[in-house]
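Student: One structure, pasted below without further comment.
The values are calculated or read from the model by the stated rules, or taken from the named source; none is laboratory data. The structure displayed is predicted, hence computed values, not measured ones. Please note: Cβ atoms are built from the backbone with ideal geometry, for glycine as well, and neighbour counts cover all protein chains shown. Protein only, heavy atoms only, side chains kept; ligands, DNA and RNA dropped before computing areas. Shrake-Rupley method; radii C 1.70, N 1.55, O 1.52, S 1.80 Å.
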Amino acid sequence: MKQYFSLRASVCLALASMASSSVLAAGFQVNEHSANGLGRAMAGQAAKPENASILATNPAAIGVFKEAEFSASVSFIDPNVDISGNVTYSFGDTIVGGGVAEEDNIAETAFVPGFFYVSPINDDFSAGVGVFTTYGLRSDYSDDFGALHFADTAEVKTVTVNPAVSYKVNKQLMVGFGLNVTYAEAEIGSGVSNTLAATIEGLEPTAQALGITLPSLNAGSSLFSMEGDDVGFGWNVGVFWQPSELTNIALSHRAETKLELDGAVSSETPVFPIELNQPGSLDLNLAAITELAIDQKIDEQWSVQASLTFTDWSTFQKLEANLEDGENFLIKEENFDDSWRGSIGVTYILNDEFTLRAGYAYDDGVVSVENRSLSIPDTDRHWISGGLTYTMSENTSIDAAYVFIDGREAYINKDRTILSDVLPNTDFTTNFTGTQSATAHILSVQMNTRF
């Protein structure tokens, strides 16, 4: 009798020491490039060149600086993502097992650093380089999670090196171009949940009486695991326009980066219809990002900023391992949607020493209800932020910011086929029904100096 064990592990992507969580931005995008930008929820970031960290969002704007500038930042991220629900198992329409599937704090705290250097070359050209990250998230379920076969743990560590150059077309207009070199390494896997192992064990007497051989599963065992790494290349461009002394307008675009993570696939549970213990690779596309931003000065103290950001997440449709023997192992259909992010902020120059900021952003989730999963429990989110700059001297300043992110509670309802045609026209299936809730706190500091 043909038996097909189609448990598929889903993937959450993370940056280990440069890590984030799905609560922070749509899909697995990371925005923690700049403490001064975070202070106003990244509103108008591509149009407000306050320090060298502007390179991450608009290479054209680095042409504003008259001297060499260096910025170094670190953001501490404290996410809280909770999952609450129940899992059931069925033969055809008959429920044969199940249990509670709940987990708190599936995302860990993390530090996200960034480093930037820019310098004018002559009256027309400026150049710089940034080391930072734009993508990543992480989830980690314990072995006791009752739906471990829907989601376990996975990690991707990434870092991008972005050299860039800016050209001053005239006094009002600058254009910029950059190259992106991104290194990524990943470990992706899924496990056998305790509820699945108990249900299989309970069905064994009935299965033997019917002449059916069920797989032997131990709770916590790996269904499959994959490790790999790769270096990918991309580019980014920007335009910085100053139509008047009061207004900055910017348009920037960071192109898609394609990665092919080469490594090995393994499994402790020989239940799949293909051999998994062999070398393999996984294609991973980092979505393109486009931002339209404005910085409008009101008077000598007040200015307002706004951004509209589009991320081309629809290119991320599935995760599939390409095995050395030519077989393809479908991990999960993701079916991401494109996303929009709108933000508005305000900047107030209190005096020669202190500048204050505040901002709000609405970040659109990338998954519809039917595609929301336990592995990437993405949802819409609100950002509320505040920050300040302390100018220590003519050449040195320190930025600080705090951000609170509140994710909308989301409903999850997922089905999986575990064994096909166990009996004629009868499958062994599983369902998870529940909710996710997510919040996060971000603290960011940054040092800026010119020389």
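Student: Look at the stretch 292-324 and say how many of its residues are out of contact with any Ser or Thr (no Cβ under 8 Å at 6 or more places or on another chain), of a type in the set (Phe, Trp, Tyr) and either exposed (fewer than 15 other Cβ atoms within 10 Å of the Cβ) or assigned to a strand (DSSP E or B) (or both).
Tutor: So the answer is 0.
Student: Kindly provide the set of residues from the stretch 361-398 that are of a type in the set (Val, Ile, Thr) and either free of Cβ contacts under 8 Å to residues at least 60 places away in the same chain or open to solvent by 30 Å² or more (accessible area, probe 1.4 Å) (or both), ordered by number.
Tutor: Val367, Val369, Thr379, Ile384, Thr391, Thr396, Ile398
Student: Let me confirm something: among Ile106, Ile62, which residue is in a loop (DSSP other than H, G, I, E, B), of a type outside the set (Phe, Trp, Tyr) and open to solvent by less than 10 Å² (accessible area, probe 1.4 Å)?
Tutor: Step by step, each of Ile106, Ile62 is checked, and only Ile106 is in a loop (DSSP other than H, G, I, E, B), of a type outside the set (Phe, Trp, Tyr) and open to solvent by less than 10 Å² (accessible area, probe 1.4 Å).
Student: Follow-up. Failed condition for Leu246, given (1) open to solvent by 20 Å² or more (accessible area, probe 1.4 Å); (2) over 30 Å from Ala164 (Cβ atoms); (3) of a type outside the set (Lys, Arg), with all others met?
Tutor: (2)
Student: Among the listed residues Phe70, Phe76, identify the single one that is among the aromatic types (Phe, Trp, Tyr), open to solvent by 10 Å² or more (accessible area, probe 1.4 Å) and touching a His at 6+ places or on another chain (Cβ under 9 Å).
Tutor: When all the criteria are applied, what remains is Phe76.
Student: Filter the stretch 109-146 down to the residues that are outside any strand (DSSP E or B), among the small types (Gly, Ala, Ser), in contact with a strand residue (DSSP E or B) (Cβ under 6 Å, 6 or more places away or on another chain) and at pLDDT below 90 and list them by number.
Tutor: Gly136 - this is the single residue of the stretch 109-146 that is outside any strand (DSSP E or B), among the small types (Gly, Ala, Ser), in contact with a strand residue (DSSP E or B) (Cβ under 6 Å, 6 or more places away or on another chain) and at pLDDT below 90.
Student: Shifting gears a bit: Could you list, ordered by first residue, the pairs with Cβ atoms under 9 Å in which the first is in the stretch 105-123 and in contact (Cβ under 8 Å) with a residue 24 or more places away in the chain and the second is hydroxyl-bearing (Ser, Thr, Tyr) and open to solvent by 80 Å² or more (accessible area, probe 1.4 Å), at least 6 apart or interchain?
Tutor: These pairs meet every condition: Ala110/Ser17; Phe111/Ser17; Val112/Ser17; Pro113/Ser17.
Student: Considering the stretch 59-82 alone, what residues qualify as being among the aliphatic types (A, V, I, L, M) and either more than 10 Å from Ser119 (Cβ to Cβ) or in contact with a helix residue (DSSP H, G or I) (Cβ under 8 Å, 6 or more places away or on another chain) (or both)?
Tutor: Ala60, Ala61, Ile62, Val64, Ala72, Val74, Ile77, Val81, listed by residue number.
Student: May I pose another question? Residues of the stretch 385-420 being of a type in the set (Asp, Glu) and either under 13 Å from Gly37 (Cα atoms) or part of a strand (DSSP E or B) (or both), which ones?
Tutor: Answer for the stretch 385-420, where residues must be of a type in the set (Asp, Glu) and either under 13 Å from Gly37 (Cα atoms) or part of a strand (DSSP E or B) (or both): Asp399, Asp406, Glu409, Asp415.
Student: Still on this structure, I have one more. Output the residues belonging to the stretch 153-173 that are within 32 Å of the chain's Cα centre (by Cα) and β-branched (Val, Ile, Thr).
Tutor: Passing the criteria: Thr153, Val156, Thr158, Val159, Thr160, Val161, Val165.
Student: Separate question: Among the residues of the stretch 252-265, are any within 23 Å of Ala47 (Cβ to Cβ), assigned to a strand (DSSP E or B), among the basic types (Lys, Arg) and touching a residue at least 60 places away in the same chain (Cβ under 8 Å)?
Tutor: yes
Student: Let me ask something additional. So which residues in the stretch 169-225 are open to solvent by 30 Å² or more (accessible area, probe 1.4 Å), under 30 Å from Leu137 (Cα atoms), modelled with pLDDT of 85 or more and not in a loop (DSSP other than H, G, I, E, B), if there are any at all?
Tutor: Those that are open to solvent by 30 Å² or more (accessible area, probe 1.4 Å), under 30 Å from Leu137 (Cα atoms), modelled with pLDDT of 85 or more and not in a loop (DSSP other than H, G, I, E, B): Phe177, Leu179, Val181, Tyr183, Asn194.
For every residue, the table says whether it meets (1) closer than 30 Å to Gln208 by Cα; (2) out of contact with any Phe, Trp or Tyr (no Cβ under 9 Å at 6 or more places or on another chain); (3) at pLDDT 95 or above.
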{"residue": "Ala26", "(1), (2), (3)": "no, no, no"}
{"residue": "Ser53", "(1), (2), (3)": "no, no, yes"}
{"residue": "Phe65", "(1), (2), (3)": "no, yes, yes"}
{"residue": "Val81", "(1), (2), (3)": "no, yes, no"}
{"residue": "Gly85", "(1), (2), (3)": "no, no, no"}
{"residue": "Phe91", "(1), (2), (3)": "yes, no, no"}
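Student: Which of the following residues is assigned to a strand (DSSP E or B), more than 24 Å from Leu251 (Cβ to Cβ) and open to solvent by 60 Å² or more (accessible area, probe 1.4 Å): Leu284, Leu356?
Tutor: Only one candidate passes the filter, namely Leu356.
Student: Got a number for residues in the stretch 28-48 being in a loop (DSSP other than H, G, I, E, B) and open to solvent by less than 10 Å² (accessible area, probe 1.4 Å)?
Tutor: 9
Student: While we're looking at this one, here's another question. Could you please give the count of residues in the stretch 263-309 that are within 27 Å of Ala361 (Cβ to Cβ) and small (Gly, Ala, Ser)?
Tutor: 6
Student: Still on this structure, please answer the following. Within the set of pairs 6 or more residues apart or between chains, which connect a residue that is within 20 Å of Val81 (Cα to Cα) inside the stretch 153-165 to a residue that is at pLDDT below 75 and β-branched (Val, Ile, Thr) with Cβ atoms less than 9 Å apart?
Tutor: Final answer for the pair search is Ala154/Val11; Val156/Val11.
Student: Taking the stretch 408-426 as the region of interest, how many residues are open to solvent by less than 10 Å² (accessible area, probe 1.4 Å), within 26 Å of Ile376 (Cβ to Cβ) and out of contact with any Leu (no Cβ under 7 Å at 6 or more places or on another chain)?
Tutor: Final tally of qualifying residues: 2.
Student: A further question on this structure: Report, ordered by the first and then the second residue, all pairs with beta carbons closer than 6 Å, sequence separation of six or more or different chains, a first member in the stretch 405-422 that is closer than 30 Å to Ile442 by Cβ, and a second member that is surrounded by fewer than 18 Cβ atoms within 10 Å (Cβ to Cβ).
Tutor: Short answer, once both residue conditions are applied: Asp406/His382; Asp406/Thr439; Arg408/Asp380; Glu409/Thr435; Tyr411/Thr435.
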